[in-house]
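Asker: Shown below is the structure under consideration.
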Amino acid sequence: MGECTLSPKNLGHRALLKSASVALAAAIALTACTTNNTQLTSSSSQNAATNEATVSRVIDGDTFVATTSEGEKTIRLLNVDTPETKDPNAPVECLGPEATTALEQLLPAGSVVRLELDEEPTDKYGRTLAGVFNLSGTLINAEVARLGMGVPMLIEPNRKFYPAVQEAFEEARTRAVGLNSTEPPCLPAQQVEKAVAAVEAITAVPLSESTSALDKSNAGLVTALATIAALKAASEAQGKVHWAAYQPAKLAQLVSRLTTSASAATARQAAIKGKKKSLADAAANAARAKAEAAAKAAAAKVAAEAAAAAKAKAAAAAAAAAEAERIRNLPSVYVPPAPPVYVPPAAPAPVTDPYPGYTGPRCYAPGGKTWRPCG
């Protein structure tokens, strides 16, 4: 039987069967209203091997016991295969009990069906191989496939009902029901593939230079590792949970893949941790180098400013000395004599006439201040 998946968060067997039964009842109610090419009908004259039978009990998803005109017979639905539940040498397969419940609801005890045979009427176990129609003309073989509880099976030369079963199964695949569901209640080849693919996708990409990208990758690995741990735990509890019946070699292969992927994920996590440390160290070194460069630049600026100030001071001193020297070497400055100060003449002293009434010639003494009569 094909492989399906186990949801790690739904390992309770009873809860799974109950929820699956509820979904199954709804699906059967839906498909009961379906009319398409799979509702094969034939008249009583269509095939001499056509017989009516009354359902006694259902054995599993594709086999039931019915009372015919020839007595009680075990009927095997042609061209459809459902998960195994009765093999004493293997665990119950994924959705096996649900497939049995589906057929019980499609063919309740006491219901009358019509059996239509193909090329080979019986198999090696003596079971009657037939297409089974209910009184409405619905092909039960196809309805089991439409519910997702069985897959098309072609064993030549019996292929009469294979196209109808295949068409119904494709409908179930499109609707993602039953064995086609993304989360059927059993251990998981799909989830194994998904977890392994997630690890492979992450490990196939070179380590990023971005811390955020590394964190995102690590988060994906954490999720994958959690799924792997749940799957491995489920594989170890196969006797306690609703389990997909893998052959021991197949189960060992799946568990081996999980172990390998877990090792790869752990190694990748270590590599991511090392890469993050390397990036952190590089960032710290870069920051330290930047700080040192900034400090050196600041010191150089201070030194340059000090040198410029000293140079300016020296230049000013040199200029002042040069100016002093220039002034010192200038020729003597001509200082013109002060202009004479005008002193107005003193008012002449009043002349006392020593010779009153004399009008003759006068003879002045040197200086012209005094005189005497000439004669």
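The values are calculated or read from the model by the stated rules, or taken from the named source; none is laboratory data. Remember, predicted model here, so these are calculated numbers, not experimental data. No Cβ is skipped: glycine too gets one built from the backbone with ideal geometry, and neighbour counts run over all protein chains shown.
Asker: For segment 184-206, check the following and say yes or no: at least one residue is within 30 Å of Ala264 (Cα to Cα), touching a Lys or Arg at 6+ places or on another chain (Cβ under 9 Å) and not in a helix (DSSP H, G or I).
Answerer: Within segment 184-206, one or more residues are within 30 Å of Ala264 (Cα to Cα), touching a Lys or Arg at 6+ places or on another chain (Cβ under 9 Å) and not in a helix (DSSP H, G or I).
Asker: Since Ser208 meets every condition but one in (1) farther than 16 Å from Lys275 by Cβ; (2) at pLDDT 80 or above, which condition does it not meet?
Answerer: Checking Ser208 against (1) farther than 16 Å from Lys275 by Cβ; (2) at pLDDT 80 or above, the one that fails is (1).
Asker: Sticking with this structure for a sec: Can you spot a residue in segment 246-255 that is touching a strand residue (DSSP E or B) at 6+ places or on another chain (Cβ under 9 Å), modelled with pLDDT of 60 or more, surrounded by 12 or more Cβ atoms within 10 Å (Cβ to Cβ) and not basic (Lys, Arg)?
Answerer: Taking every residue of segment 246-255 in turn, at least one turns out to be touching a strand residue (DSSP E or B) at 6+ places or on another chain (Cβ under 9 Å), modelled with pLDDT of 60 or more, surrounded by 12 or more Cβ atoms within 10 Å (Cβ to Cβ) and not basic (Lys, Arg).
Asker: Here is a further query. How about segment 75-182: which helices (runs of 4 or more DSSP H) wholly inside it have at least 3 residues that are closer than 14 Å to Ile59 by Cα and not charged (D, E, K, R)?
Answerer: 96-106
Asker: Does Ala304 qualify as being buried (at least 17 other Cβ atoms within 10 Å of the Cβ) and at pLDDT 85 or above?
Answerer: Considered against the rule, which asks whether it is buried (at least 17 other Cβ atoms within 10 Å of the Cβ) and at pLDDT 85 or above, Ala304 comes out as no.
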